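Enquirer: Sharing a structure below in structure tokens format, with a few things to ask.
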Amino acid sequence: MEFLTLDKLPKHVLASIDLQRAFIASRLIVAAERLQIFRVLHGKRMRGGELGRKLVIHKAYRGAVLDSLAGLGLLQKTKGKYRNTRLAEKYFIEARSIYWTRQYSKECAEAYEALRKMEKTLATGRQSGELRARKKLTYTEAMAKDRRRAEDFTQMLFHFHQKDAQALARRLDLSKHRAVLDVGGGSGVMSIALAKKNPGLRACVLDLANVCRVARGNIRRAGLSGHIRTLAGDIRDRLPGGFDVVMFCDIGPVSKRLLGNAYEALPHGGMVVAVDRYLSEDRTKPLDRVMAQLAGSSFPRATRREMVGALESCGFRAVKARRVLRDLWAISGVKHAYSQTQSR
């Protein structure tokens, strides 16, 4: 029997998976085997809904599972229907009996459960028992409660998004705008890059108090305290006025409620900008974003086309999607300018 090893995956797939996400990818493949996805699809093409019902995969995760497998090169998705690729047929059908699949995938799943508490095992020398289940705090609750965690998380993103911020500053024309509200602006990395590129621009980072404290330090070190301020608040509330650009950068799903709040806060002719790594139209890329849904991530699940539609449905016009850097996109729209015709 021949195993599917990493070198057998398509090169473009390998290039998109770092070591930490490889853990999610391998666990996903084990789950696919245990659910018999490849065997059910052997010689068939099926829609996601039909396959999900047959294998009892909840609709909340059905798309993420199948699209992740497509992104890995194990399924092919065409017009909403899935089928096994030659890769999947070779390694999960031809090379394995049903008995091997059942037993080996079970052992793999048990190993993952043991590895879940590896740090405790390494520290004590003993296999740890189950910890008492605790409610997981939301992002907002965690950042508000723990200043150290807020600082660590915020500064991690500050360094992680440097290239993204510089690329956005190059691509986003703000020459006709004077003030940006950076909603959920976190570390201030985007506002700092925009202010450096546009010396006449002023910006405000709106985020939680603990996050704003960290952002102020970054802004001060960048020498931009006179151009950028922070404002502690809940981004879900009504947004403050006085800004002709409202920006959402990598804050998770941008709901119509948030877009509606932006529309209300903007003056006529003002612009909204949503920047993130949105899903491709077939929902199979970026692969790490698709797979992250299986780990409970709050990353956006919208495609670029769906995000364009969301802006238009909230009243924005001249909506455009432009690539910023690699798979990072900026989607912008303009609130209709006031005219005498409209006032009659």
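The values are calculated or read from the model by the stated rules, or taken from the named source; none is laboratory data. Note that the structure is predicted; figures quoted are calculated from it, not measured. FYI the Cβ positions are ideal-geometry reconstructions off the backbone, even for glycines, and counts take in every protein chain you see.
Enquirer: List pairs: first residue in the stretch 94-111 and exposed (fewer than 11 other Cβ atoms within 10 Å of the Cβ), second residue assigned to a helix (DSSP H, G or I) and modelled with pLDDT of 85 or more anywhere in the structure, Cβ distance under 8 angstrom, at least six positions apart or on different chains.
Expert: Ile98/Arg39
Quick grid of which residues meet (1) out of contact with any His (no Cβ under 7 Å at 6 or more places or on another chain); (2) of a type in the set (Lys, Arg):
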residue: Gly63; (1), (2): yes, no
residue: Asp67; (1), (2): yes, no
residue: Asn84; (1), (2): no, no
residue: Leu87; (1), (2): yes, no
residue: Lys90; (1), (2): yes, yes
residue: Lys106; (1), (2): yes, yes
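Enquirer: Right, another one. Name the pairs: first residue in the stretch 121-148 and assigned by TED's automatic domain parsing to the domain that holds Arg213 and under 21 Å from Ala209 (Cα atoms), second residue modelled with pLDDT under 65 and surrounded by 10 or more Cβ atoms within 10 Å (Cβ to Cβ), Cβ to Cβ under 9 Å, at least 6 apart or on different chains?
Expert: Within 9 Å, no pair qualifies.
Enquirer: Residues of the stretch 244-253 being within 21 Å of Ala203 (Cβ to Cβ) and modelled with pLDDT under 95, which ones?
Expert: Looking only at the stretch 244-253, we keep the residues that are within 21 Å of Ala203 (Cβ to Cβ), and these are 244-252.
Passing the criteria: Asp250, Ile251, Gly252.
Enquirer: It is to be established whether one or more residues within the stretch 160-183 are touching a residue at least 40 places away in the same chain (Cβ under 8 Å) and over 25 Å from Lys320 (Cα atoms).
Expert: First, the residues of the stretch 160-183 that are touching a residue at least 40 places away in the same chain (Cβ under 8 Å): 161, 163-164, 167-168, 171-172, 174, 177-183.
Filter again for over 25 Å from Lys320 (Cα atoms), leaving none.
Looking through the stretch 160-183, none of the residues is touching a residue at least 40 places away in the same chain (Cβ under 8 Å) and over 25 Å from Lys320 (Cα atoms).
Enquirer: Among the residues of the stretch 186-205, is there at least one that is over 29 Å from Arg289 (Cβ atoms) and not in a loop (DSSP other than H, G, I, E, B)?
Expert: Of all residues in the stretch 186-205, those over 29 Å from Arg289 (Cβ atoms) come to 198-202.
When the remaining residues are screened for being not in a loop (DSSP other than H, G, I, E, B), the result is 202.
Yes: one or more hits.
Enquirer: Which one is surrounded by the fewest Cβ atoms within 10 Å (Cβ to Cβ), of the residues in the stretch 198-252 that are over 26 Å from Glu264 (Cβ atoms) and either within 25 Å of the chain's Cα centre (by Cα) or not assigned by TED's automatic domain parsing to the domain that holds Leu311 (or both)?
Expert: The extreme case among them is Arg213.
Enquirer: Which residue out of Leu51, Leu41 is modelled with pLDDT of 95 or more, over 23 Å from Ala295 (Cα atoms) and buried (at least 18 other Cβ atoms within 10 Å of the Cβ)? Don't jump to the end; show me each part of the working.
Expert: Values: Leu51 fails: over 23 Å from Ala295 (Cα atoms).
Selected residue: Leu41, the only one of Leu51, Leu41 that is modelled with pLDDT of 95 or more, over 23 Å from Ala295 (Cα atoms) and buried (at least 18 other Cβ atoms within 10 Å of the Cβ).
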